[in-house]
Amino acid sequence: MPSFQFFERPSPFCPAGPETKPLFAVTPADLERPDILPDNIRRFGRAAGFSAREGEFLLVHGENGGVAGALFGLGKDASPFATGRLSRLLPAGDWHLAGFEGDQGQALIGFAAGDYRFERYLKPSSAGKVRLALPEDCDRAAIERTVAAIFLARDLINTPANDMQPDHLEKAFESLARHYGADFSAIHGDELLKAGFPLIHAVGRAGEKAPRLMELRWGRKGARSVALVGKGVCFDTGGLDIKSAAGMGLMKKDMGGGANVMALALMIMDAGLDVDLRVIVPSVENAIAGNAFRPGDIYRSRKGLTVQIDNTDAEGRLILADALTYADEELPDLLIDMATLTGAARVALGPDIAPFFTDNDAFADKLHKSGETLSDPLWRMPLFAGYDARLKTAIADLTNAPGGGMAGSITAALFLKRFVGRARTWAHFDIYGHAPADRDFGPAGGEAQAIRALFETIRTS
């Protein structure tokens, strides 16, 4: 089955064949190995002073004035995704990795991820395309589904809020479900109150587009149950506790948790894992209007706990609370939530490392090992029970925004933990969902985080 694409784009890959030019990605030690570099390539590189330092690039001229190949330096300890630079270095055409002894799958994923461009609002480029051959002995399906998932998350996050409101996100989600034959449903507007999702309704009712809870179901009933919940705040003004202009500038990415669980679901369904999968995305715009929820309001959640609103800019945990309660009701074996939730997580770990919280040590260890193997960085944070008292308030069960600002990522995780009690394993990911600068792995903008490590952990569990 072909992998799902949100925006159609040319494939970064081509079939292997004799017409592709050789690309030699080499370390300094490889320069003297005739089993990796042919004599003519090695002599040309030596004459040109090529030393194979990381990122060094050299086109090798052929006998008739054409291009016979290219040399790309890996250095001694190159990033596995250094190949992401190649789409910007190589001349247009079809290439293949020659004599490469590293992780071929990672190199190919890195190349494709580095080739990504978000060009929905630009004129089509007339420049030629650089493509890299997928060798016959590689796991083509695994590589293509991983790339498709990364591109899906990036495309959804990069799309501005005027074209990515809750109704747009629903269309994308429903298209994904349809592609893989999954069941899809959605509850909209005031129907949320009748169905028992008061916090989602309260946060989203001021938005131009109705708030909603969307759900995908796929897989085999009776198999290991996996529930994924993603925050889908399509734009966050901060509500009546309005953000500054600078704070609002990136808030199209506040549905990054929803985008990432959709991307992870793509990988699970495309691989045909034997699981009973539910994907739940509450989606709202946290807007300002006469009917916006207010500081000081108290709402009863789906779980029955009352929540006092002490900051309308702490809205993500509110919609997740109802969605997590709903997911938890079916006693899933594994319950994962992903959200662009707190600035505190970015202060702790920066934009590139995905913080996660869980009580399950075995799951955390396996996830960490998967992340290290796949170069998908993540780090376990403490669910320190001593901070739970900070959630107390005098006239409600919980506050959504403890005062003082300290340990904000931990108290947010502890807030969510109050709405999970039946799942065998629960983990909360407080991701950033955005790269602030260009990297080998891709350009600045929306990003997929932790989904490769999560998929491998689910696949091998």
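Assign unit charges at the C-beta atoms only (+1 for Lys and Arg, -1 for Asp and Glu), then state the dipole size of region 94-201 relative to its Cα centre in Debye, rounded to the nearest 20.
340 debye
Starting from the Cα-Cα distance between LYS369 and ALA92, subtract it from 0.36 nm times their residue separation and give me the gain in nm to one decimal.
That works out to 96.0 nm of additional length.
Below 8 Å between Cα atoms, with a sequence gap of 6+, how large is the relative contact order for region 13-138 in percent?
Normalised by residue count, the contact order of region 13-138 is 33 percent.
Quick check: residue separation of ALA29 and ASP139 times 0.36 nm, minus the Cα distance between them. What number comes out in nm?
36.8 nm
Beyond 14 Å, what share of the Cα-Cα pairs of region 1-84 remains, rounded to the nearest whole percent?
68 percent
Please report, as a whole percent, how much of the solvent-accessible surface of the chain comes from carbon and sulfur atoms (probe radius 1.4 Å). Mind showing how you got there, number by number?
Numbers: 9540 of 18600 Å².
Heavy-atom surface of the chain belonging to carbon and sulfur, 1.4 Å probe: 51 percent.
What is the dipole size for region 13-138, taken about its Cα centre, with +1 at each Lys and Arg Cβ and -1 at each Asp and Glu Cβ, in debye to the nearest 20?
Using Cβ point charges on Lys, Arg, Asp and Glu, region 13-138 gives about 600 debye.
Of GLY296, LEU240, PHE441, which is farthest towards the positive pole of region 144-460's charge dipole, taken about the Cα centre with +1 and -1 on the beta-carbons of Lys, Arg and Asp, Glu respectively?
Of the candidates, GLY296 comes out farthest on the positive side.
In square angstrom, what is the accessible area per residue of region 116-170 with a 1.4 angstrom probe? Please list the in-between numbers first.
Working: 2550 Å² over 55 residues.
About 46 Å² of surface per residue is accessible.
Please report the antiparallel percentage of the DSSP beta bridges confined to region 336-461, to the nearest 5. Could you put the intermediate results ahead of the total?
Values: 6 of 13 bridges.
Beta bridges within region 336-461, antiparallel portion: roughly 45 percent.
Quick one: Cα centre-to-centre distance for region 187-254 and region 139-181, in angstrom?
Between the Cα centres of region 187-254 and region 139-181 lies a distance of 17 Å.
Positive end of the charge dipole of the chain (Lys, Arg +1 and Asp, Glu -1 on Cβ, about the Cα centre): tell me which of GLY55, ALA112, THR342 has its Cα farthest that way.
Checked the options; the winner is THR342.
Using the membrane-span-like helix rule (whole DSSP H runs, Cα extent along the own axis of at least 24 Å, mean Kyte-Doolittle hydropathy at least -0.5), which helices of the chain qualify?
Helices passing the filter in the chain: 140-158.
Where in region 335-358 does the amide nitrogen come within less than 16 Å of the point 7 Å from the Cα of LYS243, taken along Cα to Cβ?
The answer is 339-347, 351, whose backbone nitrogens lie closer than 16 Å to the label point.
Could you give the dipole magnitude of the chain about its Cα centre, charging the beta-carbon of Lys and Arg +1 and that of Asp and Glu -1, in debye to the nearest 20?
Approximately 500 debye in magnitude.
Points 7 angstrom from Cα along the Cβ direction at SER125 and TRP379: gap in nanometres?
Between SER125 and TRP379, the simple spin-label model gives 3.4 nm.
With a cut-off of at most 15 other beta carbons within 10 Å, and DSSP calling the residue loop, which chymotrypsin sites (Phe, Trp or Tyr not before Pro) in region 1-99 qualify? Please list them.
On the way: sites: PHE4, PHE6, PHE7, PHE13, PHE24, PHE44, PHE50, PHE57, PHE72, PHE81, TRP95; in loops: PHE4, PHE6, PHE7, PHE50, PHE81.
For chymotrypsin sites (Phe, Trp or Tyr not before Pro) across region 1-99 that sit outside H, G, I, E and B with at most 15 neighbouring Cβ atoms in 10 Å, the list reads PHE7.
Which GluC sites (Glu not before Pro) in region 195-288 pass both tests, a DSSP loop state and at most 12 other beta-carbon atoms within 10 Å?
Loop-located and lightly packed - GLU208.
What chymotrypsin sites (Phe, Trp or Tyr not before Pro) does region 376-461 have in DSSP loop regions with at most 15 other beta carbons within 10 Å?
PHE384
Taking all pairs of different Cα atoms in region 13-138, averaging 1/r and flipping that mean, what Kirkwood radius in angstroms comes out?
Evaluated over region 13-138, this radius sits at 15.0 Å.
Enter the Cα centre distance for the pair region 266-307 and region 1-58, rounded to the nearest angstrom.
If we compute the Cα centre of each part, the gap is 46 Å.
For ARG220 and ASP167, calculate 0.36 nm times their separation in residues minus their Cα-Cα distance, and state this gained length in nm to one decimal. Working shown, then result.
Working: separation 53, 0.36 × 53 = 19.08 nm, distance 2.86 nm.
Using 0.36 nm per residue and subtracting the Cα-Cα distance, I get 16.2 nm.
Report the label-to-label distance for ASN64 and THR460 in nanometres (one decimal), using points 7 Å from each Cα along the Cα→Cβ vector.
4.8 nm
The values are calculated or read from the model by the stated rules, or taken from the named source; none is laboratory data. Because the structure is predicted, anything quoted here is derived from the model rather than measured. Note that we place each Cβ from the backbone using ideal geometry, even for glycine, and neighbour counts take in every protein chain shown. Please note that ligands, DNA and RNA were not included when accessible areas were found on the heavy atoms of the full protein model with its side chains. Shrake-Rupley method; radii C 1.70, N 1.55, O 1.52, S 1.80 Å.
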